[in-house]
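The values are calculated or read from the model by the stated rules, or taken from the named source; none is laboratory data. Predicted model only: the values in this text are computed from it and were never measured. Counting neighbours? That spans all protein chains shown, and the Cβs are built from the backbone with ideal geometry, glycine included. Accessible surface is based on the protein model in full, side chains and every heavy atom, while ligands, DNA and RNA are left aside. Shrake-Rupley method; radii C 1.70, N 1.55, O 1.52, S 1.80 Å.
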Amino acid sequence: MNPFSNQNIQKLPGSAERLVATTNLLALLFAALALLLGAINAYTFGFQWLFLLFAAITLTELGVIFLNRKGMHRAGRLLFCLVPTLLTMVITLFDKIVLPEQGYVTYFDSRYFLLVTTVFPAIVFDWPEWKYIVVCLAFTFLCIVFFDPIHNLLGLGYYQQGYNIPTYYHVNHIVFIAFLALLIAVFVLKWRDHQITQKLIEAMAEQEKSARALKDRNRRLEQLTHEMESQQEELVQQQEELRASYEMLEHANRMIGEQRKKLHQYNTELERLVKEKSEELVHTNEELVKTNNELRQFSFTVSHNLRGPVARLLGLANLMKHARKPEDIHELSGYIHKSATELDNILRDLSAIIDIRNDLYRVKEKIFLREEVERILQLMNVKPDPETIEINFNEAPYVYAIRPMVHSVLYNLISNAFKYRSPDHPLKVIIRSYLQPVAGKIMVEVADNGLGIDLKTQGQNIFKLYKRFHHHVPGKGLGLYLVKSQMDIMGGKVEVKSEPGLGTAFRLLFPVPADVDKQYFFENEAAQLYYDANINNTVIVWKRNVTSAEYRKVFEVVYETLKTYNTPGWIADLRNQGVIQPEDQQWFIENVLKAAAHNGLKRIGAVGFADPVRKDYYQRMQKITAELGIELRVFDTIEAAVAWMIQFDLQKN
């Protein structure tokens, strides 16, 4: 028997059908539960009156299902709500008659079961059936109210049984209040449920209306579809004709798209080239303007500085023609020598300026500032007294720059600090460096407490050629000009702060260049040379088998770099070099290797030197390098050789 698929139930309205199905489900569960409890009781205590009672409950719940299936839905639901209340009263009375020894607990728990039955009407009846809800709740209310009177009428009252708790009747108040609370909850719940159900019904009605409208539209659409089908045949032929045209058009569009893509790439490349050339032109124009201004200044300087010595030489030479006495000739010769010496000094200064502007070596080295300053102090014959010189390069111990220029800049600033010291107090020079992460620069500061410069009146002249601000000590006015020129060449800046009597502070801003590990300075078809500033090494990469002339040409360039930069090591990639003839090997050892060792070469990292084709050359080099105190290592890759060189740089740090 399936309590949920009855034909009569399906004919009910949606909400009633749901409530009847819920009633059947609960009745079936209660019947199964009563049957199970009866079986357990019979198994434990034998067939007593309780088994018959549970059997009656089971039959009653099945009767609820039977009535619902027969179409007597309200009778079935009323039976479902009233029977539990009635059975609770019967069980509690019968239990006190048959088993009086169970105590006073049944006077209380029976009331709780009665309260539970208050919920059943709300579960199985809808709001329009409120009369049946009222009947069920009224029956439960009467059972609660007349609970004690019925017991007393049958001689089973609480106090009649000998119990004497004085507050027993207080339980009636609590149960009554609980009943009212449940009653209110039941009515509120059903009222809210009814409202929600009505809204759902309205929504379903609206949905049904929309469905009907949709059916009408579908019917109209079917008519239109039929008409379109009649037109479809006419369009098929047109589509075939259009397809051929479309294929031709698609092919043309594809070609146009490809041409457009190529044109876009060409325009992009052209814009990039135009931008690069524009930037180059702007840079070149700036350099030309700068060079033109410097040439004007240089021309003025040459005409101004050479005019005096040349005029004096001409005058002295004219006097020499008319001199007759030996002492006059000797005196004029002294003046001529003095003027010639002055002219020679001027020419040397101008030559230094020209050398700076035409510097061929622009490779940036990793320069440790403390070593450079100590070398300068040694040249100046100055002992680094902490009371006089404070040195702090902890934050930025090195810069990447052109070593001779860094040496010249620091030498000029440090020597000026000593030269223009104040006679009023002991000299204090501070040399320090620190990072500027945002600007991507390293700041090197040289500050002193010397005489200082009046920047208000001399600020525009401080870096000009032959400008001097203190004349009580000898000087040429060339040092600060060289400082500014060399910092410009290295891509840096120089700033100055000074006050008369308080001192001067020069700040050198060195950029942090990119790709310092590969600074190419020579390349031809045979080899490629670059300088790795991270390890202060020259790297030689041979591209192919080389001739004797190519081999010697490359190492002549290498030798010049060793003399210029005094690198402690070099790395040579010999994998593509080929075989070197014995006479070229001997030339390399005598003219390059020994001179390199004299200039400070300590390590050689050779890649591919262990190849059997170079066995004799390798054994020969092992012997010669050991005699010269040069450490020779063989590696499989340039990266491995670089890693070996780095460890010496770390030890130096």
* Quick one: Cα centre-to-centre distance for the range 492-511 and the range 180-249, in angstrom? -> 83 Å
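Residue separation times 0.36 nm, minus the C-alpha to C-alpha distance between Leu26 and Gln195: what's the value?
58.4 nm is the gain from fully extending Leu26 to Gln195.
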* Structure fact -> Pseudo-spin-label distance His264 to Met248, built 7 Å along Cα→Cβ, given in nm, is 2.8 nm
* For Gln586 and Gln237 in the same chain, what is the full-extension length gain: residue separation times 0.36 nm, less their Cα-Cα distance, in nm? -> 116.6 nm
* To do: Run down the lysines and flag those whose C-alpha is under 18 Å from the C-alpha of Lys456, throwing out any fewer than 8 positions away in its chain.
  => Lys464, Lys467, Lys497
* **Built amide H within the under 5 Å cut-off of Leu478, gap 5+** => Tyr466
* To do: Round to a whole angstrom and tell me the spacing of the C-alpha centers of the range 130-154 and the range 20-34.
  => 24 Å
* Once you put a point 7 Å from the Cα of Glu374 and another 7 Å from the Cα of Val516, both along the Cβ direction, what distance in nm separates them? -> 1.9 nm
* To do: Could you check the simple spin-label distance between Ile430 and Leu153, using points 7 Å along Cα→Cβ, in nm with one decimal?
  => 11.1 nm
* Structure fact -> In this structure, the FRET efficiency calculated for Leu52 and Glu206 from their beta-carbon separation, with R0 = 45 Å, to the nearest 0.05, is 0.25
* Structure fact -> Quick calc, Leu221 & Asn545: beta-carbon distance into FRET formula, R0 60 Å, rounding 0.05, result 0.10
* To do: For the range 548-623, report the accessible area per residue in Å² (1.4 Å probe, heavy atoms, rounded to an integer).
  => 45 Å²
* Between Ile646 and Leu86, 0.36 nm times their residue separation minus their Cα-Cα distance comes to what? -> 191.7 nm
